[in-house]
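**Student:** Can you keep this structure in mind? I'll have questions shortly.
The values are calculated or read from the model by the stated rules, or taken from the named source; none is laboratory data. Predicted, not measured: the structure shown is a model, and the values here were computed from it. So basically every Cβ, Gly included, is an ideal-geometry build from the backbone, and we count neighbours across all protein chains shown.
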Amino acid sequence: MCTGATSVTARNVRVEPRVRLSLPDSFDVVLLQGEAECFPDQEVSSDAAEAFAVKFGWDPRVEEGPFTYVRVVPSTVRAWRGEPELRGRLVMRDGVWLD
């Protein structure tokens, strides 16, 4: 992820790196819990910055102002599609994929 270097998101991650992400919507849910780390844009390799720009169609390197890239290492992942799949939704625990 990438956000403005002075954004609330960047400030919060620097203070408390434990994060929870919810993707992509409320019908096909993926919840990630993990540790986040911020990297100032000048510390991100050109290959990584280019891969980000290609994947997301947005290149923070051409924007005005400093940006921070955020890497999240997941420790727990839950996923489900609607209420019938709520049971057994834990698919990763302590960074290890479950069967």
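**Student:** If you take the residues of the range 72-99 that are of a type in the set (D, E, K, R), more than 19 Å from PRO24 (Cβ to Cβ) and touching a strand residue (DSSP E or B) at 6+ places or on another chain (Cβ under 8 Å), which of them is modelled with the lowest pLDDT?
**Tutor:** If we filter the range 72-99 for residues that are of a type in the set (D, E, K, R), which is where we start, we get 78, 81, 83, 85, 87, 89, 93-94, 99.
Next cut, more than 19 Å from PRO24 (Cβ to Cβ) only: 87, 93-94, 99.
Going one step further and asking which of them are touching a strand residue (DSSP E or B) at 6+ places or on another chain (Cβ under 8 Å), we end up with 93-94.
Values: ARG93: 85, ASP94: 88.
My answer is ARG93.
**Student:** Keeping to the range 19-42, report how many residues are under 25 Å from GLU63 (Cα atoms), of a type in the set (D, E, K, R) and over 14 Å from the mean Cα position of the chain (by Cα).
**Tutor:** 1
**Student:** Something else now. Cβ contacts < 6 Å: first residue over 16 Å from ARG93 (Cβ atoms), restricted to the range 57-82; second residue part of a strand (DSSP E or B) and of a type in the set (Phe, Trp, Tyr), any location; separation 6+ or different chain. Result?
**Tutor:** Short answer, once both residue conditions are applied: PRO60/PHE67; TYR69/PHE39.
Matching residues to (1) within 12 Å of THR68 (Cα to Cα); (2) free of Cβ contacts under 8 Å to residues at least 60 places away in the same chain; (3) of a type in the set (A, V, I, L, M); (4) outside any helix (DSSP H, G or I):
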position: ARG20; (1), (2), (3), (4): no, yes, no, yes
position: PHE27; (1), (2), (3), (4): no, yes, no, yes
position: VAL30; (1), (2), (3), (4): no, yes, yes, yes
position: PHE39; (1), (2), (3), (4): yes, yes, no, yes
position: GLN42; (1), (2), (3), (4): yes, yes, no, no
position: ALA48; (1), (2), (3), (4): no, yes, yes, no
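**Student:** So is VAL13 out of contact with any helix residue (DSSP H, G or I) (no Cβ under 8 Å at 6 or more places or on another chain), surrounded by 12 or more Cβ atoms within 10 Å (Cβ to Cβ) and either at pLDDT 95 or above or part of a helix (DSSP H, G or I) (or both) or not? I'd like the intermediate steps shown before the answer.
**Tutor:** On the way: out of contact with any helix residue (DSSP H, G or I) (no Cβ under 8 Å at 6 or more places or on another chain): yes; surrounded by 12 or more Cβ atoms within 10 Å (Cβ to Cβ): yes; either at pLDDT 95 or above or part of a helix (DSSP H, G or I) (or both): yes.
Yes.
**Student:** If you scan the range 50-69, which residues turn out to be assigned to a helix (DSSP H, G or I), exposed (fewer than 12 other Cβ atoms within 10 Å of the Cβ) and over 16 Å from the mean Cα position of the chain (by Cα)?
**Tutor:** Listed by number, the residues that qualify are VAL54, VAL62.
**Student:** Sticking with this one: Give the number of residues within the range 1-18 that are touching a strand residue (DSSP E or B) at 6+ places or on another chain (Cβ under 8 Å), in contact (Cβ under 8 Å) with a residue 24 or more places away in the chain and either closer than 20 Å to TRP58 by Cα or among the charged types (D, E, K, R) (or both).
**Tutor:** The initial filter retains those residues of the range 1-18 that are touching a strand residue (DSSP E or B) at 6+ places or on another chain (Cβ under 8 Å), namely 1-5, 7, 9-10, 13-14, 17-18.
In the following step, the residues that additionally are in contact (Cβ under 8 Å) with a residue 24 or more places away in the chain were identified as 1-5, 7, 9-10, 13-14.
Now narrow it down to the ones that are either closer than 20 Å to TRP58 by Cα or among the charged types (D, E, K, R) (or both): 1-5, 7, 9-10, 14.
Adding up the residues that qualify gives 9.
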